[in-house]
1. When you scan the range 30-45, how many residues do you find that are modelled with pLDDT of 95 or more and either open to solvent by less than 60 Å² (accessible area, probe 1.4 Å) or touching a strand residue (DSSP E or B) at 6+ places or on another chain (Cβ under 7 Å) (or both)?
2. Looking only at helices (runs of 4 or more DSSP H) that fall completely inside the range 303-408, which ones have 3 or more residues that are in contact with a strand residue (DSSP E or B) (Cβ under 7 Å, 6 or more places away or on another chain) and small (Gly, Ala, Ser)?
3. Going by the structure shown, is VAL184 within 13 Å of the ligand (Cβ to nearest atom) and more than 21 Å from VAL88 (Cα to Cα)?
4. Taking the criterion of being among the charged types (D, E, K, R), touching a His at 6+ places or on another chain (Cβ under 8 Å) and more than 14 Å from PHE368 (Cα to Cα), would at least one residue in the range 260-283 satisfy it?
5. Could you count how many residues in the range 292-325 are among the aliphatic types (A, V, I, L, M) and more than 16 Å from the ligand (Cβ to nearest atom)?
6. Only one residue in LEU73, LEU124, LEU62 is away from the ligand (no atom under 12 Å from the Cβ), crowded, with 19+ Cβ neighbours inside 10 Å and more than 28 Å from ARG179 (Cβ to Cβ), so which one is that?
7. Among the residues of the range 129-139, is there at least one that is on the phi < 0 side of the Ramachandran plot, more than 13 Å from the chain's Cα centre (by Cα) and of a type in the set (Val, Ile, Thr)?
8. Between GLU399, GLU414, which is in contact with a Gly (Cβ under 7 Å, 6 or more places away or on another chain) and open to solvent by 10 Å² or more (accessible area, probe 1.4 Å)?
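The values are calculated or read from the model by the stated rules, or taken from the named source; none is laboratory data. Computed from a predicted model, the values in this text were never measured in an experiment. Reconstructed Cβ throughout: ideal geometry from the backbone, glycine too, with neighbour counts over all protein chains shown. Keep in mind that these areas ignore ligands, DNA and RNA; they rest on the heavy atoms of the full protein, side chains included. Shrake-Rupley method; radii C 1.70, N 1.55, O 1.52, S 1.80 Å.
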Amino acid sequence: MAELAAALRAIAGDGGVLTAPEDLIAYGFDGTFFDRTPPLVVLPQTIDEVVAIHRLATRERLAITPRAMGSGLSGGSVPLDGSIVLGVARMNRILAIDTVDRVAVVEPGVITADLQAAVERQGLFYPPDPSSLRQSAIGGNIAENAGGARGLKYGVTGDYVLALAVVLPDGTLIRTGGRSVKNVTGYNLRALFTGAEGTLGTIVEATLRLITRPTAARTALAVFERLEDAAASVTAVLEAGILPTSIELIDRLTIRCIEENAPAGLPRDADAVLLFGVDGDHVEILDGELAAIERVAREHGARDVTRAHDAAESDRLWAARRAISPSLARRRPNKLGEDIAVPRRGIVAMCARVREIAAKYDLEIPLFGHIGDGNLHPNILCDKRDPAEMARVAAAAREIFEAAVALGGTLSGEHGIGLLKKQFMELDLGPETLALMRAIKTAVDPLGIMNPGKIFPEPGGADAFRL
Ligand SMILES: Cc1cc2nc3c(=O)[nH]c(=O)nc-3n(C[C@H](O)[C@H](O)[C@H](O)COP(=O)(O)OP(=O)(O)OC[C@H]3O[C@@H](n4cnc5c(N)ncnc54)[C@H](O)[C@@H]3O)c2cc1C
């Protein structure tokens, strides 16, 4: 290890290699309850340094786990099998914002919120907005194909990736995609690396599509006595041809957790609330959309629909939405955050199934998420030190996945597979598609050095929730 550290210091400089136990611990976990302290962390600052690190790793048969900000919710950046961590946080420059081509060229360590602020200063807009936008970076967003509340209208990170520079496992640097609006030359490799969760290479640069910044936004809160009415309102609003920027669900238990930890004035007696956001350039059109949303929501049982009167009130409501994860974390020692997505037709049934599963296994499962996308985050609250409870958690998680797939949905809408869901991959994909993914992994990474232990199920179906 001392020799390895010296070789890496020769590449990344003294400040670019961490070996002290107290430093290493900080790079061993993400937003899940998994952790594994790496033997060493390397923090390159340039593409050339990443290339040299990969070459060294290939020569030494050393596993690499890429890491951006470590906010992932599927265990992707937790280093397994003696893997070193390659952290991209120091590669955090915005290299260009081009107002003619309407692109931003960025290094992978740029914080998502910083990029948004920088492009908005130029009247442009980068829509992907994971709730972790201040704690996550573009490299992690691309590697997870992160979504966010605005996904309903604007899509996810992958919809904005025009080009990538990627260092392959053996140190080869490839560039794929370009700045043109259209580009269909050859296989779509940028789509392959987007959402690959660091298993195929390290993303070292991205060219991202920008759009014109909408000049106005409005927010409304609809309050329901019954979760099923809230869910039915979502499909009804969308069926009515209204396309809000966001429709977010916050259920009863989630409201209670928020109000106990970051009070936002949400109604504690409601079974569920829906947070609607609309944006555009014409205030009268937005007001008309909110009026239509209110009408449909009331027709479907909303007891109250209120509009945020000003930006401060709107910010308070969206801050409450972003406070969910930290608020849930205070209720029990751990949480298993799921991320299933179903087609719109399945939204009502999926919400009901989550409640049934919670009752069946006697577990608290607050339900929230980007319900307009059919993307729900049932979070199973638990204590990982309690084996009996964890057995119930595992059974409940399996039933949630099975229900989503049976409704035509999927294991993950935006958080990725990582460690958390790898044992369920075949359930979702089927054996043939999974085999093709394994073949791609082997072709790109024949030595298996990139982010080992992620995405692909272990033979024999090892316990999905233990390392
Ligand atoms: C409070 C909270 C709210 C969240 N809200 C959302 C949300 O609304 N929507 C959403 O989609 N996600 C959300 N997340 C999950 C998480 O923030 C996203 O997955 C985010 O994209 C991860 O970015 P990161 O920089 O933290 O990546 P990390 O956690 O560091 O890494 C994530 C994955 O990407 C890989 N990776 C990182 N950098 C690179 C690179 N340069 N090259 C190749 N692979 C790389 C890692 O190996 C790992 O597999 C939330 C998380 C938290 C804690």
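1. Residues in the range 30-45 being modelled with pLDDT of 95 or more and either open to solvent by less than 60 Å² (accessible area, probe 1.4 Å) or touching a strand residue (DSSP E or B) at 6+ places or on another chain (Cβ under 7 Å) (or both): 8 in total.
2. On the way: elements: 311-322, 324-329, 347-360, 387-406.
The helices (runs of 4 or more DSSP H) meeting that bar are 387-406.
3. Values: within 13 Å of the ligand (Cβ to nearest atom): no; more than 21 Å from VAL88 (Cα to Cα): yes.
Against the criterion (within 13 Å of the ligand (Cβ to nearest atom) and more than 21 Å from VAL88 (Cα to Cα)), VAL184 does not qualify.
4. Residues of the range 260-283 that are among the charged types (D, E, K, R), as a first pass: 260, 268-269, 271, 279, 281.
Restricting the remaining residues to those that are touching a His at 6+ places or on another chain (Cβ under 8 Å) gives none.
Scanning the range 260-283 turns up no residue that is among the charged types (D, E, K, R), touching a His at 6+ places or on another chain (Cβ under 8 Å) and more than 14 Å from PHE368 (Cα to Cα).
5. Taking the range 292-325 as the starting set, the residues that turn out to be among the aliphatic types (A, V, I, L, M) are 292-293, 296-297, 302, 305, 308, 311-312, 317, 319-320, 323-324.
Imposing the further condition that a residue be more than 16 Å from the ligand (Cβ to nearest atom) reduces the set to 292-293, 296-297, 302, 305, 308, 311-312.
Qualifying residue count for the region: 9.
6. Values: LEU73 fails: away from the ligand (no atom under 12 Å from the Cβ); LEU124 fails: more than 28 Å from ARG179 (Cβ to Cβ).
Being away from the ligand (no atom under 12 Å from the Cβ), crowded, with 19+ Cβ neighbours inside 10 Å and more than 28 Å from ARG179 (Cβ to Cβ) holds for just one of LEU73, LEU124, LEU62, which is LEU62.
7. No, the range 129-139 contains no residue that is on the phi < 0 side of the Ramachandran plot, more than 13 Å from the chain's Cα centre (by Cα) and of a type in the set (Val, Ile, Thr).
8. Working: GLU399 fails: in contact with a Gly (Cβ under 7 Å, 6 or more places away or on another chain).
Step by step, each of GLU399, GLU414 is checked, and only GLU414 is in contact with a Gly (Cβ under 7 Å, 6 or more places away or on another chain) and open to solvent by 10 Å² or more (accessible area, probe 1.4 Å).
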